[in-house]
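Take a look at the structure set out below.
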């Protein structure tokens with residue numbers, strides 16, 4: 001039986017779902033600033049991905065959203081662009097990086 005998707009599971013599993021082929025030449029830090037749960041970031045360097053709870057000192061992109069929206073986007077129930085258009089997701093920094101997130105990770 002599959003475990004329900006949770007923030008803890010997302011943070012733990014993202015590096016395992018990483019597609020290094022899609023990250024050629026990419027060095028970036030994505031900060032997820034959650035309004036109702038612990039914030040975390042993913043760091044992509046040299047074809048590897050790490051995830052960690054907390055706030056990064058200098059992320060390339062900061063995504064502001066709540067935990068439920070994050071879970072809907074990660075699960076494929078909602079598209080990131082749809083969440084952005086509905087005001088459920090806000091981005092700061094290099095927003096073009098946000099368009100790469102879907103390809104960087106498999107479901």
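The values are calculated or read from the model by the stated rules, or taken from the named source; none is laboratory data. Predicted, not measured: the structure shown is a model, and the values here were computed from it. Every residue, glycine among them, receives a Cβ derived from its backbone with ideal geometry; neighbour counts consider all protein chains shown.
Listing for the model above:
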{"item": "Residues (in a loop (DSSP other than H, G, I, E, B), touching a strand residue (DSSP E or B) at 6+ places or on another chain (Cβ under 7 Å) and either within 16 Å of residue 96 (Cα to Cα) or at pLDDT below 95 (or both)) located in the stretch 23-45", "result": "26, 27"}
{"item": "Those residues of the stretch 55-107 which are surrounded by fewer than 16 Cβ atoms within 10 Å (Cβ to Cβ), over 19 Å from residue 25 (Cβ atoms) and in contact (Cβ under 8 Å) with a residue 60 or more places away in the chain, in sequence order", "result": "75, 106, 107"}
{"item": "Matching residues, the stretch 20-46, being exposed (fewer than 13 other Cβ atoms within 10 Å of the Cβ) and either in contact with a helix residue (DSSP H, G or I) (Cβ under 6 Å, 6 or more places away or on another chain) or closer than 12 Å to residue 63 by Cβ (or both)", "result": "35, 36"}
{"item": "Check on residue 83, in contact with a strand residue (DSSP E or B) (Cβ under 8 Å, 6 or more places away or on another chain) and either more than 27 Å from residue 3 (Cα to Cα) or in a strand (DSSP E or B) (or both)", "result": "no"}
{"item": "Complete set of residues in the stretch 1-22 that are without any contact (Cβ under 8 Å) to a residue 40 or more places away in the chain and assigned to a loop (DSSP other than H, G, I, E, B)", "result": "1, 2, 3, 4"}
